[in-house]
Amino acid sequence: MRSYEILTNTRPTLDEYIYLCSSVGWKDFMNFDVAETSIRNSAYSVIVKNNHRIIGMGRIVGDGAIYFYIQDIVVHPEYQGKGIGKEIMKALTKYLEDNTPDKAFIGLFASKGKAEFYEKYDFKNYSPNMTGMFKVNSEHTREFI
């Protein structure tokens, strides 16, 4: 029996968001000054709590019509490997199945070493025919590994 609670259609607070992102080493890559607006503008969010403390989250962002992106799948390191990421993806993909039109584009960027996890949910690497690319606006050039 699991000891955590999955809250669908629930956004993390800014403090919870900062806490989780920092726990997985994203702090230097995030602009927390604008994160609250980003969280508020999410199409859908899922959070996971254990004893009222956030331990995981995931969001869907996009235009609500054609383009949808799975974003910020995070599980606190102390709780990784317990199926929590699977539960988050299950809730997000259920929302997408129920709320997106035919031929909607659903994308995500997988962290290094995590592609196999997302392939279980029918996400595919379409290179070399299609290449996912992105740019980060910054005063400093950063490399993402």
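Observations
- When Ser3, Ser42, Ser127 are compared by accessible area at a 1.4 angstrom probe, the order from most to least is Ser3, Ser127, Ser42.
- The structure shown yields percent of Cα pairs over 20 Å apart, and of the options [x] 73; [y] 59; [z] 50 that calculated value carries the label [z].
- Accessible surface of the chain, 1.4 Å probe, proportion on carbon and sulfur as whole %: 48 percent
- With contributions of -39500 (n - 2.57) from each DSSP H run of at least four residues, the per-residue ellipticity at 222 nm computed over the chain stands at -7500 deg cm²/dmol.
- Solvent-accessible area per residue for the chain (1.4 angstrom probe, square angstrom): 69 Å²
The values are calculated or read from the model by the stated rules, or taken from the named source; none is laboratory data. Just so we're clear, the structure is a prediction, and the values are computed from it rather than from any experiment. The accessibility values were calculated without ligands, DNA or RNA, using every heavy atom of the protein model including side chains. Shrake-Rupley method; radii C 1.70, N 1.55, O 1.52, S 1.80 Å.
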